[in-house]
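The values are calculated or read from the model by the stated rules, or taken from the named source; none is laboratory data. This is a predicted model, so every value here is computed, not measured. Here the Cβ is made from the backbone with ideal geometry for all residues, glycine too, and neighbour counts use every protein chain on show.
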Amino acid sequence: MSEPNEVYEAVLSQLKSSRSRKSLDALHAVCKEHYDSGAVDFRIATIAKLGANRGVPSAQTIRNKTGEAYRALIDAWQALGAQKKKEIKGRSTPTGKYDWVDDIGNSTHRYLILDLIAQVRHLKAENKGFASIKKLEIDYRSVSEAPTESQLPNFLSHELDALKEAISDEFLTRKGWVRAERGSIKDQNGKVIFRNGFVDVIEKVLSLNQ
C-alpha cells in the first residue's frame, strides 16, 4: 500500500498547472487533518464537503476524468483509513472523532452535520489567522448596511426540518445524548459530541426563517 505522502509527491510532480497544484495541496491538508482527527471515512463527497472552503475541488470535479490525480490521492488516504478501521474494529473501541456521522441514516441530516463540521474547521482556521494580527486598522469612511431579508439564505423546508430534528428531544433521546450548558451536546457518558454553541446556532438559523 502506497503512503499518502508518497502518492502526493508523485502526483504533484506530474501537475503542470499552479491551480491544480494548489488544489492538490489543499486536498492533502484536509485529508491529513481528517485522518489525524481519527476519522476513517474518505469518500469523495465527504472530503469535498470538509474542504469546500479550503480550496479543495468539488466532488464532481474530483470524479471527472481530469480529476484522476485527486482521486489517486484520496484513494491512498482511503486505504490508510480502511487500515485504521480494521485496527479499531479489532480493539472494538471507536476512536474517530466524527465517525458517528456515518451512522446517521438520513442523508440530509448527514450532509447538514458535515457542513457544520466544515464551517467549524473553517472558522478555526480563520481564528488562527486573526490571532496573528498585532495591529488592527479600522476604516471609518464607509459603514456597511445591515443585511436585508433578501440577503439571507433561502432554506428549503426539508432543510429546516432536518435542523429541527437534529436538536429535538426525540432525536437526542434516541441517540442517548443530552443538551448541556452553553448549547453543547454530550453523550450518556458526558463526552462532548458537539461543542458549545451548536444548539444555539441552529436555533438562530431557525429563528431567521420563522
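Scan segment 15-34 residue by residue and report those that are buried (at least 18 other Cβ atoms within 10 Å of the Cβ) and at pLDDT below 90.
From segment 15-34, those buried (at least 18 other Cβ atoms within 10 Å of the Cβ) are 20, 23-24, 27-28, 30-31, 34; that's our starting set.
Listed by number, the list holds a single entry, His34.
Among the residues making up segment 171-210, those that are over 18 Å from Leu112 (Cα atoms) and assigned to a helix (DSSP H, G or I) are Thr173, Arg174, Glu181, Arg182.
Among the residues of segment 63-104, those that are at pLDDT 90 or above and touching a Leu at 6+ places or on another chain (Cβ under 8 Å) comprise Ala69, Tyr70, Leu73, Ile74.
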